[in-house]
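Trainee: Structure in structure tokens, see below.
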Amino acid sequence: MLKKKRIVILGSTGSIGRQALEIIRMHSDRYEVVGLSAYSNTNLLELQIKEFDPLCIAVSDAQKASLLRQRMPDKDIRTGREGINNLASLDDADMVLVSVVGIAGLEPTLTAIKNNKIVALATKEAMVTGGHLVESELKRSKGCIIPVDSEHSAIFQCLKASYNPDREIKKILLTASGGPFKGWSVEDLKQVTPQQALKHPNWNMGKRITIDSATMMNKGFEIIEARWLFGVQPDQIDVLVHPQSIVHSMVEFVDSSIIAQMGLPDMRMAIGYAFSYPERLPTGVGDLDLNVISKLTFEYPDMDAFKCLKLAKNALNTGGSMPTVLNAADEAAVDLFLNGSIAFTDIADMIERAMQAHVPLSNPSLEDIYSIDAQTRMFVNNLAKG
């Protein structure tokens, strides 16, 4: 009999976590859930526990964890940072899917790598804020990372065509949908409402990542992530706006050939590939009919209208703790925009002011990163108060 791959899903009630469970449900002969975690959505988590019967559960919200223990007294339910890290290091797990929202995904990523797990990484912030820490931990461990983000999964797949990626990569070409405001001027963008910004033309995602797509900060984070995941230099990463979202990313090699990975805009492909790698299995995603699509277009982004992309490149070039400031300032500013406290274009302006005020550390520790993250959020919220 085929030995089942034992999987922990951190962030099982979010969009990625739910789609991951769809893949596992489809291939229950190959995969087994041994751990589930959620922040506070214990109603959905309880249903998932009943269906998949994991060995261990973690809930970040202590009060919600206590209530869940009362409803499910026979289950091993843990809480807080320690509980999440317990799941990331679970002896019974072969793979840990990290789809925790925000910087909270960094520590369990490091923990899983230290414990020699395969990490299916869907949390950008882990590499954006702590890429140097992850890189260092990977060198000491038997653990590895398989990216789940659609663009980085595409690059990962394209690199399988290379005999020696370290020497053969010329460029990584990250594709971007352009979001709902492609072609808009700076003046037009000043009038954008949260309702408009939350309407992504191609993808169905959480609120923050949808706003980040609209500002193109999401693509900026992906540039930083690609630098660490694939060991390339910042000037080897380009962004192309591709409104159809069919080509998920490309790699140009030293012989000038370009390999692209294509498919419908559906995260189940990237999740399924991470789970089954190096094999491929059905994921329930529909077939891509290029005759129906008929046209694929590409263009460079407008760096003046979408200043967040430029700020992300600056943060990467500065390095050290600056990407942590970029991420924290963005998250705080996006929250302010969503609650109506600032304008859409203020997001980039606030991030820029936070970066200007920061004196970067060259090699921040995990606790440095958490401290800078908290300080930056406070700085941005104080800016909004005037």
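The values are calculated or read from the model by the stated rules, or taken from the named source; none is laboratory data. This is a predicted model, so every value here is computed, not measured. Virtual Cβ from ideal backbone geometry, glycine too; neighbours counted across all protein chains shown. Protein only, heavy atoms only, side chains kept; ligands, DNA and RNA dropped before computing areas. Shrake-Rupley method; radii C 1.70, N 1.55, O 1.52, S 1.80 Å.
Trainee: What single numbered condition from (1) surrounded by fewer than 20 Cβ atoms within 10 Å (Cβ to Cβ); (2) part of a helix (DSSP H, G or I); (3) of a type in the set (D, E, K, R) fails to hold for Lys142?
Mentor: It is condition (2) that Lys142 fails.
Trainee: Can you name every residue in region 251-303 that is open to solvent by less than 20 Å² (accessible area, probe 1.4 Å) and among the aliphatic types (A, V, I, L, M)?
Mentor: Val251, Ala270, Ile271, Ala274, listed by residue number.
Trainee: Sort out which residues of region 131-167 are closer than 22 Å to Gly35 by Cβ and either without any contact (Cβ under 8 Å) to a residue 12 or more places away in the chain or among the small types (Gly, Ala, Ser) (or both), and write them in order of number.
Mentor: Answer for region 131-167, where residues must be closer than 22 Å to Gly35 by Cβ and either without any contact (Cβ under 8 Å) to a residue 12 or more places away in the chain or among the small types (Gly, Ala, Ser) (or both): Ser141, Gly143.
Trainee: Here's something else I'd like to know. Working only within region 145-168, note down all residues that are assigned to a helix (DSSP H, G or I), surrounded by 15 or more Cβ atoms within 10 Å (Cβ to Cβ) and not small (Gly, Ala, Ser).
Mentor: Glu151, His152, Ile155, Phe156, Gln157, Cys158, Leu159, Pro165, Glu168, listed by residue number.
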